[in-house]
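Read the structure below first, then the notes.
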Amino acid sequence: MVVIIGAGLAGCEAAYQIAKSGIKVKLYEMKPKKFSPAHTNSNLAEIVCSNSFKSNLITNACGLLKEELRRLDSLLINIADKTKVPAGQALAVDREKFSKEVTNEIKSMENIELIEEEVGEKIHLKDIIKENITIIATGPLTSDKLSKEIIELTRRKWTSFL
Ligand SMILES: Cc1cc2nc3c(=O)[nH]c(=O)nc-3n(C[C@H](O)[C@H](O)[C@H](O)COP(=O)(O)OP(=O)(O)OC[C@H]3O[C@@H](n4cnc5c(N)ncnc54)[C@H](O)[C@@H]3O)c2cc1C
C-alpha cells in the first residue's frame, strides 16, 4: 500500500498511476473540512490560479512534456484535453469541469481509498511513514500542522520560498 497526502494535482496523478498498476492507495485530503487560503471548492485537483497549462506545441519544452504525459496515460492531461477551452496554442481548461472529472475518476477507482482528514490533526506523519511508502503532495500551501511535523521529522529549519 502507498499513502499519498494531498489530493491536489500531483497527489491525484500519483494516486491514479499507482492504483492503476494494481497497488492500493490511501489518499488523504483535508478538504472539505479545512481549506488553504487559496483553495475554495471541495473538488480534488483544484486549480487555484491560472487555468492555463501553457503551450501545447511539441516544439517547446512545455508542449513536449505534455505530449509525453499523454503517451504515458496521464490522468490530468487526458482530462485537461477533455475539458479544454479555446486558448490559441495553449492548453487551458474549464477549471470546474476539470476538477470535477478528476474527482469522479479518483473516487471511482477501486484501489483508492480517499480519506478526508488533515494529516497533522488526528493522523500524524510519523505514524504514517512507519509502515507505508508515503508521498507528500501537499503543495505550496501545506497546512501549518503538517509543515511542523515535516520540520520535526527532517530536523530542518523553516525556509520560505515566497
Ligand atoms: C495563490 C497561488 C497561485 C498559483 N498560481 C499558479 C499558476 O498560475 N500557475 C501554476 O502553474 N502554478 C500556480 N501556483 C502553484 C500551484 O499551486 C501549483 O502549480 C499546483 O497547484 C501544485 O500542485 P500540487 O498538487 O503540488 O499542490 P495543490 O494543488 O495545492 O494540492 C495540495 C493539496 O493538499 C491538500 N493539503 C494541504 N495540507 C494538507 C494536509 N496537512 N493534509 C491533507 N491534505 C492537505 C490541499 O488541500 C490540496 O488539495 C499557484 C499557487 C498559489 C498558492
Options Gly139, Gly63, Gly120; residue that is among the small types (Gly, Ala, Ser) and outside the structural domain of Asn41 (by TED's automatic domain parsing): Gly63
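Answer yes or no as to whether Ile23 is of a type in the set (Val, Ile, Thr), more than 7 Å from the ligand (Cβ to nearest atom) and part of a helix (DSSP H, G or I).
Answer is no for this residue.
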Within the range 51-71, tally of residues that are without any contact (Cβ under 8 Å) to a residue 40 or more places away in the chain and in a loop (DSSP other than H, G, I, E, B): 5
Residue in the range 76-95 that is more than 15 Å from the ligand (Cβ to nearest atom), among the small types (Gly, Ala, Ser) and not assigned by TED's automatic domain parsing to the domain that holds Met1 present: yes
Residue in the range 148-160 that is within 13 Å of the ligand (Cβ to nearest atom), surrounded by fewer than 19 Cβ atoms within 10 Å (Cβ to Cβ) and outside any helix (DSSP H, G or I) present: yes
Residue that is farthest from Thr40 (Cα to Cα), among those in the range 71-103 that are of a type in the set (Lys, Arg) and surrounded by 14 or more Cβ atoms within 10 Å (Cβ to Cβ): Lys84
Selection within the range 72-119 - of a type in the set (A, V, I, L, M, F, W, C) and part of a helix (DSSP H, G or I): Leu75, Leu76, Ile77, Ile79, Ala80, Phe98, Val102, Ile106
Some residue of the range 54-72 being under 15 Å from the mean Cα position of the chain (by Cα) and closer than 22 Å to His39 by Cα: no
Any hit, the range 38-47, residues being surrounded by fewer than 17 Cβ atoms within 10 Å (Cβ to Cβ), polar (S, T, N, Q) and not assigned by TED's automatic domain parsing to the domain that holds Leu141: no
Any hit, the range 126-134, residues being within 30 Å of Ile58 (Cβ to Cβ), crowded, with 16+ Cβ neighbours inside 10 Å and at pLDDT 95 or above: no
Qualifying positions in the range 20-38 - of a type in the set (Asp, Glu) and out of contact with any strand residue (DSSP E or B) (no Cβ under 7 Å at 6 or more places or on another chain): none
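The values are calculated or read from the model by the stated rules, or taken from the named source; none is laboratory data. If you're wondering where the values come from, they're calculated on a predicted model, not measured in any experiment. In this analysis, Cβ positions are derived from the backbone assuming ideal geometry, glycine residues included, and neighbour counts consider all displayed protein chains.
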